[in-house]
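To keep things clear, I will list the structure first and then write my remarks on it.
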Amino acid sequence: LLNARDIDGAVTILQDLFNQHSVLPPYTSQLKILEFALSNALPYEAKRHVEFIKQLWKWTPNKFHSSEFQNEVRGRQRNKKLSKEALQKLFAYYGYELRDDELEI
């Protein structure tokens, strides 16, 4: 979808895959979505994706999540490239602001 410049579709698909099927693409895909949105002057789509990343930060497993999936999500929760500070720097690089209050869980 990113190749077709369907950034909002990419954000939606990623959220749906995670919420409905417990599938999580590589963190680099999440960064690419942010970069595409910001470089195409779509800061609100980027912030919508930040909402998904915040969902990962507060995620807790249930009995239906495999241990492999739990480890994968915990890895994302600890990934410094998806941290609050890193996200703010990425937004600033493209000339946008991501405020602390927008990153509260």
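So how far apart, in nm, are the two label points at residue 27 and residue 105 if each is 7 Å from Cα heading toward Cβ?
Here the answer is 1.5 nm between the modelled labels.
If the reach is capped at under 24 angstrom between alpha carbons, list the lysines near residue 84, excluding any in the same chain fewer than eight residues apart.
Leaving aside lysines fewer than 8 places away in the same chain, those within reach of residue 84 are 32, 47, 54, 58.
How large is the helix-only mean residue ellipticity at 222 nm for the chain, computed as the sum of -39500 (n - 2.57) over DSSP H runs with n ≥ 4, divided by its residue count, in deg cm²/dmol to the nearest 500?
-19500 deg cm²/dmol
Cβ neighbours within 10 Å, averaged per peptide: list 9-19, 74-84, 29-39 in order, most packed at the top.
With the highest mean Cβ count within 10 Å placed first, the list reads 29-39, 9-19, 74-84.
Can you work out the Karplus-derived ³J(HN,Hα) for every residue in the stretch 68-74? Use 6.51 cos²θ - 1.76 cosθ + 1.60 with θ = phi - 60°, whole Hz, and x for glycine or proline.
4, 5, 4, 5, 5, 5, 4
Bin all alpha-carbon pair distances of the stretch 42-105 at 5 Å intervals from 0 and give each bin's fraction as a whole percent.
4, 17, 26, 22, 14, 9, 6, 2, 0
Each reported figure results from applying straightforward, stated rules to the coordinates on display, with no laboratory input. Predicted model only: the values in this text are computed from it and were never measured. A quick note on method: Cβ atoms are made from the backbone with ideal geometry, for glycine too, and the neighbour counts reach across all protein chains shown.
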